[in-house]
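Participant: Quick one: the structure is below, and I'll ask about it shortly.
The values are calculated or read from the model by the stated rules, or taken from the named source; none is laboratory data. Since we're looking at a predicted model, the values are computed, not measured. Don't worry about glycine lacking a Cβ; one is built from the backbone with ideal geometry, like all the others, and counts go over all protein chains shown. Each accessible area value is taken on the protein alone, full model and side chains, heavy atoms only, with ligands, DNA and RNA left out. Shrake-Rupley method; radii C 1.70, N 1.55, O 1.52, S 1.80 Å.
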Amino acid sequence: MKALILVDIQNDFLPGGALAVPEGDEVIPVANRLQAAFPLVVATQDWHPANHGSFAVNHPGKKVFEKIELNGLPQTLGPVHCVQGTAGAELAAELQRGQVAKIFPKGTDAGIDSYSGLFDNGHRRSTELGEWLKAHGVTEVFVCGLATDYCVKFTALDAQLGFKTYFIEDASRGVNLEPNDVKHAITEMGRAGIITVQSAGLLNSK
Ligand code: VGL
Ligand code: ZN
């Protein structure tokens, strides 16, 4: 069985949001079309407490995009984003929700970030997404959303450990903090065995 994983399609990652991904809104209509082609759809939601260790403001003297060590792990600091209960943390209003079977929060522990939708960055704790998919008979996952060079990539890399994993390129957008970050992310996913596909090839696959 196939599942579609919608990664972090949230207001704060859309243009105008706190941690905007360029053209992030363009994934929404593609994600909506894709949902109809999958028997199972899940979403991840970056869901931080206000005191989260990935926020630069929680480290006096540190700036956004500075790199620090957070409880033994490298951490790039970001602006305050996706704080639990705020409008920025909500899934994009135009993202269809009717077919989303379950939403998996991530990044809920203040002491550790979670780029992946399956595990925190230290692989210390699972979000239960992988276990839930397994329990529902899923063998193949199709990953898309925001952002290609962060949460989509890490979600796909973790998924690859338990599922045949595809990355849907045109249903994803990246940050490109460094000019070729998205390109490198796709190369890295490919090396790990993840297959890059386009949405058009999937629309009749249910
Ligand atoms: C993300 C940075 C911080 C993402 C989440 O969804 O790609 N990036 N939190
Ligand atoms: Zn975050």
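Participant: For GLN35, only one of the following conditions fails: (1) within 15 Å of ligand 2 (Cβ to nearest atom); (2) surrounded by 15 or more Cβ atoms within 10 Å (Cβ to Cβ). What is its number?
Facilitator: Status for GLN35: all satisfied but (1).
Participant: Report the residue count in the range 38-80 for those that are within 29 Å of VAL197 (Cβ to Cβ), more than 16 Å from ligand 2 (Cβ to nearest atom) and in a strand (DSSP E or B).
Facilitator: 3
Participant: Name the residue, out of LEU118, LEU157, LEU95, that is closer than 27 Å to MET1 by Cβ, in contact (Cβ under 8 Å) with a residue 60 or more places away in the chain and among the hydrophobic types (A, V, I, L, M, F, W, C). Lay out the reasoning, then the answer.
Facilitator: Numbers: LEU118 fails: in contact (Cβ under 8 Å) with a residue 60 or more places away in the chain; LEU157 fails: in contact (Cβ under 8 Å) with a residue 60 or more places away in the chain.
So the residue among LEU118, LEU157, LEU95 that is closer than 27 Å to MET1 by Cβ, in contact (Cβ under 8 Å) with a residue 60 or more places away in the chain and among the hydrophobic types (A, V, I, L, M, F, W, C) is LEU95.
Participant: Which condition does PRO15 not pass, out of (1) of a type outside the set (Phe, Trp, Tyr); (2) surrounded by fewer than 17 Cβ atoms within 10 Å (Cβ to Cβ); (3) under 16 Å from ARG173 (Cα atoms); (4) in contact (Cβ under 8 Å) with a residue 24 or more places away in the chain, if it passes all the others?
Facilitator: Tallying (1) of a type outside the set (Phe, Trp, Tyr); (2) surrounded by fewer than 17 Cβ atoms within 10 Å (Cβ to Cβ); (3) under 16 Å from ARG173 (Cα atoms); (4) in contact (Cβ under 8 Å) with a residue 24 or more places away in the chain, PRO15 fails exactly one: (4).
Participant: Tell me whether the range 137-144 contains one or more residues that are open to solvent by 70 Å² or more (accessible area, probe 1.4 Å) and either in contact (Cβ under 8 Å) with a residue 24 or more places away in the chain or in contact with an Asp or Glu (Cβ under 7 Å, 6 or more places away or on another chain) (or both).
Facilitator: Yes, some residue in the range 137-144 is open to solvent by 70 Å² or more (accessible area, probe 1.4 Å) and either in contact (Cβ under 8 Å) with a residue 24 or more places away in the chain or in contact with an Asp or Glu (Cβ under 7 Å, 6 or more places away or on another chain) (or both).
Participant: Counting just the residues of the range 55-92 that are of a type in the set (A, V, I, L, M, F, W, C) and under 14 Å from GLN45 (Cβ atoms), which one comes out farthest from the chain's Cα centre (by Cα)? Before the answer, list the steps.
Facilitator: Looking only at the range 55-92, we keep the residues that are of a type in the set (A, V, I, L, M, F, W, C), and these are 55-57, 64-65, 68, 70, 73, 77, 80, 82-83, 87, 89, 91-92.
Remaining after also requiring under 14 Å from GLN45 (Cβ atoms): 82-83, 87, 89, 91-92.
On the way: CYS82: 12, VAL83: 15, ALA87: 18, ALA89: 13, LEU91: 12, ALA92: 13 Å.
Per the criteria, the residue is ALA87.
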